Amino acid sequence: MSADEEHKHTCKYCDSDTKEDIVKMSLWEGEQLIVVENVPARICEGCLEQFYDSNVLLRVDQLRGRAFPVEDAKRIMEVPVFSLPEDNSNDPEKKQDWQSRIDYDLFSDAL
Ligand SMILES: [Zn+2]
């Protein structure tokens, strides 16, 4: 097996190739939004799904096990929080077209 094949990884959702990258991971711990940066991952070139090595997930889990101690945080980030106003259009013809965030990201990139 060549070094190239060794690092090959195919997306389990869409079978596209994935490429290595360093990403930010965001997760909710109760009401608190946590960001972990500098996370090695593989990103699917087709559907943008991110894959993490089990060792990386273990290290994140260890942080979670310690309830993400704020004294270990690199910095504190302020995030804008929005709320979608209620949609009052009440159009009975309006069809619900459920899409995932990933579908939307691909769609908005194409605009
Ligand atoms: Zn994919």
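Values quoted throughout were computed directly from the atomic coordinates according to the rules given, and no laboratory measurement underlies them. Since we're looking at a predicted model, the values are computed, not measured. Methodologically, a virtual Cβ is constructed for each residue, glycine included, from the backbone with ideal geometry; neighbour enumeration extends over all protein chains shown.
Worth a mention:
- Length gained on full extension, R101 to S16, computed as 0.36 nm times the residue gap minus the Cα-Cα distance: 28.8 nm.
- Lysine-lysine proximity count for the chain, Cα under 26 Å, sequence distance 8 or more or distinct chains: 4
- Sorting the segments 55-63, 42-50 by their mean number of nearby beta carbons within 10 angstrom, highest to lowest, gives 42-50, 55-63.
- Its DSSP H runs of at least 4 residues, each contributing -39,500 (n - 2.57), put the calculated 222 nm mean residue ellipticity of the chain at -6000 deg cm²/dmol, to the nearest 500.
- Relative to the Cα centre, the charge distribution of the chain, modelled as +1 at Lys and Arg Cβ and -1 at Asp and Glu Cβ, gives a dipole magnitude of about 380 debye.
- Within region 69-100: backbone nitrogen closer than 19 Å to the V35 label point (7 Å, Cα to C-beta): 69-83
- Among the chymotrypsin sites (Phe, Trp or Tyr not before Pro) within region 58-111, those in coil by DSSP and having at most 10 neighbouring Cβ atoms inside 10 Å are F82, W98.
- Length added when fully stretched, V79-V56, from 0.36 nm per residue minus Cα-Cα: 5.8 nm
- Descending by average beta-carbon neighbour count within 10 Å, the peptides 72-78, 9-15 line up as 9-15, 72-78, the highest first.
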